[in-house]
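Enquirer: Structure in structure tokens, see below.
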Amino acid sequence: MFKKVLIPTDGSVLSTQSANKGICFAKKVGAEVVALHVTQPFAATVGFDGMAAAYAITDEDYDKTAAEQAHKYLKSVTDRAETAGVKAQAVSATNFNVADGVVQAAEEHGCDLIFIGSHGRSGLSRLLLGSVTAKVLSLAKTAVLVYRVKEEKDA
């Protein structure tokens, strides 16, 4: 049924948990994986008050650090896929809106499923934090499978 599964990651523990489940899913259905990391451009991180000057960071520094992080996050997913015997490719994208980046990457790479995690927040915390997953659900033209990740409570 599904041939190519897009698995977005932001490198967080919860994103990694979701990616691992996505790889298991892809293995069960015989699909390949497209691991995706979306970085927001430098301009999206800079306040309108010129805050970047206060931190003395340049576009090049930001781009280099973002690329290194993306490589690290994506390698984790593709290594896990390789261990599971699932064909995988790593894709980095840049977009002001992460959800738009996820949906565009799914279209560009011919993915027929987006496997994405959700914290399961509701109410005020969802309103304040936003939800990339909810935005992907509203924008996607392809199937989306939402995996409810389990947050570990401090003991």
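The values are calculated or read from the model by the stated rules, or taken from the named source; none is laboratory data. Please read these numbers as outputs of a predicted model, since none were measured by experiment. Counting neighbours? That spans all protein chains shown, and the Cβs are built from the backbone with ideal geometry, glycine included. For the accessible areas, the whole protein counts, side chains as well, though only heavy atoms, and no ligand, DNA or RNA atoms are used. Shrake-Rupley method; radii C 1.70, N 1.55, O 1.52, S 1.80 Å.
Enquirer: Would you check which residues across the range 58-78 are open to solvent by 90 Å² or more (accessible area, probe 1.4 Å) and in contact (Cβ under 8 Å) with a residue 60 or more places away in the chain and list them?
Expert: Within the range 58-78, Lys72 is the sole residue that qualifies.
Enquirer: Could you check the range 2-28 and list, in sequence order, the residues that are over 21 Å from Ala99 (Cβ atoms) and without any contact (Cβ under 8 Å) to a residue 60 or more places away in the chain?
Expert: Lys27, Lys28
Enquirer: Right, next: Quick one: in the range 79-98, of everything that is under 21 Å from Phe42 (Cα atoms) and not in a strand (DSSP E or B), which residue is least open to solvent (accessible area, probe 1.4 Å)?
Expert: Out of the qualifying residues, it is Asn95.
Enquirer: Test Asp49 against the stated conditions and say whether it is modelled with pLDDT under 95 and more than 23 Å from Ala134 (Cβ to Cβ).
Expert: yes
Enquirer: If you check Gly101, Gly120, which single one turns out to be under 25 Å from Val33 (Cα atoms) and either in a helix (DSSP H, G or I) or modelled with pLDDT of 85 or more (or both)?
Expert: Just a single option satisfies the conditions, and that option is Gly101.
Enquirer: Additional query: Can you name every residue in the range 132-155 that is open to solvent by 100 Å² or more (accessible area, probe 1.4 Å) and modelled with pLDDT under 85?
Expert: The answer is Lys150, Glu152, Lys153, Asp154, Ala155.
Enquirer: Give the residues of the range 4-35 that are assigned to a loop (DSSP other than H, G, I, E, B) and either hydrophobic (A, V, I, L, M, F, W, C) or surrounded by fewer than 22 Cβ atoms within 10 Å (Cβ to Cβ) (or both), sorted by residue number.
Expert: Selection gives Asp10, Gly11, Ser12, Gly30, Ala31.
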